[in-house]
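The values are calculated or read from the model by the stated rules, or taken from the named source; none is laboratory data. Bear in mind that the values here come from a model prediction, so they are computed numbers and not experimental data. Cβ placement follows ideal geometry from the backbone for every residue including glycine, while neighbour counts extend to all protein chains displayed.
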Amino acid sequence: MSEEIRIRAARERADYDVCVALQEEVWGLDALEVTSAIQMIASTFAGGLVHLAETPGGQAVGFAYAFPALTGGPHLHSDMLAVLPSHQKQGVGARLKWAQREDTLQRGLDFITWTFDPLQAVNAHLNLRRLGATATEFHENFYGVTTAALHHGFPTDRLLVRWQLNATRVVERAAESGPPPAPSVPDLPRVNEVKWQAGWPISSEPELELDAPELLLEVPPEWDVVCRAAPRVAEDWQGKVRRALRAYFDRGYVAGDFLPAVEAGRDVGRRRPLYLLRRA
């Protein structure tokens with residue numbers, strides 16, 4: 001259980017070496033693309049943060065790494081959050097982020113940024129729903145094509161998150177003992193419609209000229225499964241979501257929430273992961 005996991009700051013070289021091993025195990029990175037222990041030590045010395053998640057027996061099961069940043073004002077950029085598959089979906093990632101928030105506030109800083117794949121519904125749920133952050137920018141193929149197994153050889157499109165640490169929504173989320181309840185799905189215009197064909201979710205062409213204050217954009221519930229088993233379906237999804245996010249973010253929208261909903265009457269029982277896009 002997540003409550004049994006201890007979160008602490010990295011203290012010595014062995015802690016940073018563990019973070020290197022976790023990168024390789026969780027993401028399957030080649031050695032050239034791993035962030036080294038030396039780099040993390042230097043970043044921490046310069047004001048960054050490395051947090052470890054450990055079992056009661058001292059086994060590291062996850063880490064979070066953030067370095068000092070200046071764009072938009074002094075803050076931390078949280079470059080990595082990794083949790084072993086055996087401990088995922090147990091709240092460990094959220095606990096690492098809350099520890100990161102607490103230590104960042106102690107440094108006199110009030111926001112953290114990071115990037116994530118917009119097609120990873122689990123990450124969107126953590127970042128926007130559980131933590132109360134907002135995705136404010138879309139960046140196409142941010143890292144280029146990498147060796148990481150997690151990226152499946154696809155371009156690395158990313159949303160940039162801005163986590164305002166003292167925002168009312170974030171303070172409320174920090175005080176909650178668990179994830180917020182699943183919301184009802186608002187009756188809002190939809191950028192895309194999704195139908196299931198031969199067992200796969202298929203998106204319509206996105207509507208790019210909608211002008212409502214709030215919109216819904218749907219993504220597939222299991223992106224990694226689609227990438228591995230149906231790469232052409234995944235490629236189609238990435239292109240459509242890319243066009244939609246580029247169009248609406250260019251017009252001043254942000255991703256203000258994420259709704260991991262199950263809707264009655266629409267492929268009953270299937271999850272409908274939905275971004276709530278708001279005009280900023």
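Ile5 meets each of the listed conditions (1) touching a His at 6+ places or on another chain (Cβ under 9 Å); (2) surrounded by fewer than 17 Cβ atoms within 10 Å (Cβ to Cβ); (3) in contact (Cβ under 8 Å) with a residue 60 or more places away in the chain apart from (2).
Would you be able to say whether some residue in segment 9-30 is surrounded by fewer than 21 Cβ atoms within 10 Å (Cβ to Cβ) and in a strand (DSSP E or B)? Within segment 9-30, one or more residues are surrounded by fewer than 21 Cβ atoms within 10 Å (Cβ to Cβ) and in a strand (DSSP E or B). The residues on offer are Ala31, Ala42, Ala60, and the sole one that is under 30 Å from Phe258 (Cα atoms) and not acidic (Asp, Glu) is Ala60. Can you tell me which residues in segment 110-127 are farther than 21 Å from Ala69 by Cα and part of a helix (DSSP H, G or I)? Hits for segment 110-127 are Ala121, Val122, Asn123, Ala124, His125, Leu126. Within segment 223-262, the residues that satisfy the criterion of being outside any helix (DSSP H, G or I), closer than 25 Å to Trp163 by Cα and more than 19 Å from the chain's Cα centre (by Cα) are Arg251, Gly252. Within segment 79-91, does at least one residue satisfy the condition of being over 19 Å from Val18 (Cα atoms), outside any helix (DSSP H, G or I) and of a type in the set (A, V, I, L, M, F, W, C)? Checking segment 79-91: not a single residue is over 19 Å from Val18 (Cα atoms), outside any helix (DSSP H, G or I) and of a type in the set (A, V, I, L, M, F, W, C).
All of (1) over 17 Å from Pro220 (Cα atoms); (2) surrounded by fewer than 17 Cβ atoms within 10 Å (Cβ to Cβ) hold for Trp163 with one exception: (2). Do you know which of the residues in segment 1-45 that are modelled with pLDDT of 95 or more and among the hydroxyl-bearing types (Ser, Thr, Tyr) is nearest to the chain's Cα centre (by Cα)? Checking each candidate, the answer is Thr35.
Residues in segment 100-147 that are over 23 Å from Lys240 (Cα atoms), touching a strand residue (DSSP E or B) at 6+ places or on another chain (Cβ under 7 Å) and hydroxyl-bearing (Ser, Thr, Tyr): Thr104, Thr113. The listed residues are Arg101, Arg95, and the only one of them that is in contact with a Phe, Trp or Tyr (Cβ under 8 Å, 6 or more places away or on another chain), more than 30 Å from Pro231 (Cα to Cα) and either outside the structural domain of Leu22 (by TED's automatic domain parsing) or not in a strand (DSSP E or B) (or both) turns out to be Arg101.
Mind checking which residues of segment 44-86 are among the hydroxyl-bearing types (Ser, Thr, Tyr) and surrounded by 21 or more Cβ atoms within 10 Å (Cβ to Cβ)?
Tyr65, Ser78 - these are the residues of segment 44-86 that are among the hydroxyl-bearing types (Ser, Thr, Tyr) and surrounded by 21 or more Cβ atoms within 10 Å (Cβ to Cβ).
Scanning segment 154-183 for residues that are among the hydroxyl-bearing types (Ser, Thr, Tyr) and either modelled with pLDDT under 95 or at positive phi (or both) yields one hit, Ser177. Of note, Thr146 satisfies the criterion of being in contact (Cβ under 8 Å) with a residue 40 or more places away in the chain and in a loop (DSSP other than H, G, I, E, B).
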